[in-house]
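In what follows, a single structure is set out as structure tokens and then discussed.
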Amino acid sequence: MDKLIETIDLTKIYGEKETAVTALNSINTTFNQNQFTAIMGPSGSGKSTLLNMIGLLDKPTQGKVLVDGFDTSNLTDNEISAFRNEKLGFVFQFSNLLADLTVLENVLLPSQIQLDSPTNDKAKEVLEKVGLSDQLFKRANKISGGQAQRAAIARGLVNNPTVVLADEPTGNLDSVTAKNIVELMKRMARDLGQTFIV
Ligand code: ADP
Ligand code: MG
């Protein structure tokens, strides 16, 4: 199995002196390509912090993140944005869909930040993969929580990311719906080779 992401001595300390909190303490780990990987641990154990470092949403206090062997620690802010748009897809606990837009419009949003905008066809293709082909023109506030998370996953996939990072994507769903969403991501990893870190 090929490693896609590697953390080297990754350390994150929030705050300073007596209020300092060490959220990550010299983490050395790897995440494999084409796999569904779940990071598990109690609340406050540093899961979100680790995902934020991998997603280049925040900078480590020490150590670094390699993506495909590429050291991301010396990128400028502009390069980080470009790297994130090109390589990373994000899914959050709350779907963060824009209520007044349709499902299809929501999925098209991140692609419009890219210069080589994917088309309606690409958005429809990823919506089909998550089983929402029949909901394209529904407003986002008219679909269920599970459907909204499927749409959020489709939105995370629309730019063909190397890896999708999902922070508690099922945290706001009932257990049956949550299980279906996890199965969906595992199936995409197995059948389509899409890498997920959850
Ligand atoms: P998890 O996602 O596993 O619940 P987090 O990564 O959110 O854990 O938090 C890890 C630790 O870092 C916790 O002790 C939390 O209180 C602290 N922490 C997280 N974000 C911040 C922040 N922005 N400022 C200060 N402390 C933080
Ligand atoms: Mg968290």
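For the chain, a crude dipole built from +1 on the beta carbon of Lys and Arg and -1 on the beta carbon of Asp and Glu, taken about the Cα centre, is about 480 debye to the nearest 20. The modelled label-to-label distance between Asp71 and Arg187, using points 7 Å beyond Cα along the C-beta direction, is 4.3 nm.
For the chain, with a Gaussian network of springs between Cα atoms less than 10 Å apart, report the residue from Asn32, Asn85, Asn74 with the top mean-square fluctuation. In the Gaussian network model the winner is Asn74. Applying 1/(1 + (r/R0)^6) with R0 = 35 Å to the Cβ-Cβ distance of Asp2 and Val176 gives a FRET efficiency near 0.55.
Computed extension gain for Thr37 through Ile13, at 0.36 nm per residue and net of the alpha carbon distance, reaches 6.2 nm.
Relative to the longest principal axis of the Cα atoms of the chain, the long axis of helix 77-87 lies at roughly 50 degrees. Taking the Kirkwood radius as Rh and the Cα radius of gyration as Rg, the range 122-184 has a ratio of Rg/Rh equal to 0.94. A simple spin-label model places the labels of Asn141 and Leu57 2.5 nm from each other, with each point 7 Å out along Cα-to-Cβ.
What ranking, highest mean first, results for peptides 12-21, 171-180 when packing means the other Cβ atoms within 10 Å averaged over each residue? Intermediate results must be reported in sequence, preceding the final value.
Details: 12-21: 10.2, 171-180: 13.5.
For the peptides 12-21, 171-180, the packing ranking is 171-180, 12-21.
Computing FRET efficiency as 1/(1 + (r/R0)^6) for Ser133 and Ser81, where r is the C-beta to C-beta distance and R0 is 45 Å, gives about 0.90. Using a Gaussian network model of the chain in which every pair of alpha carbons under 10 angstrom is joined by a spring, one finds that among Ser144, Ser95, Ser26 the greatest mean-square fluctuation is at Ser144. What the phi angles of the range 17-28 give under the Karplus curve with 6.51, -1.76 and 1.60, with θ = phi - 60°, is a coupling list of 6, 6, 9, 5, 10, 8, 7, 10, 10, 6, 8, 10 Hz, glycine and proline written as x. For Gln194, the amide hydrogen comes within under 5 Å of the amide hydrogens of Ala189, counting only partners 5 or more places away or on other chains and with H modelled in the peptide plane.
A short reminder: the numbers here are calculations on the coordinates, not readings from a lab. The structure presented is a predicted model; accordingly, all values stated were derived computationally and were not measured. Using ideal geometry, Cβ is built from the backbone for each residue, glycine included, and neighbour counts are taken over all protein chains shown.
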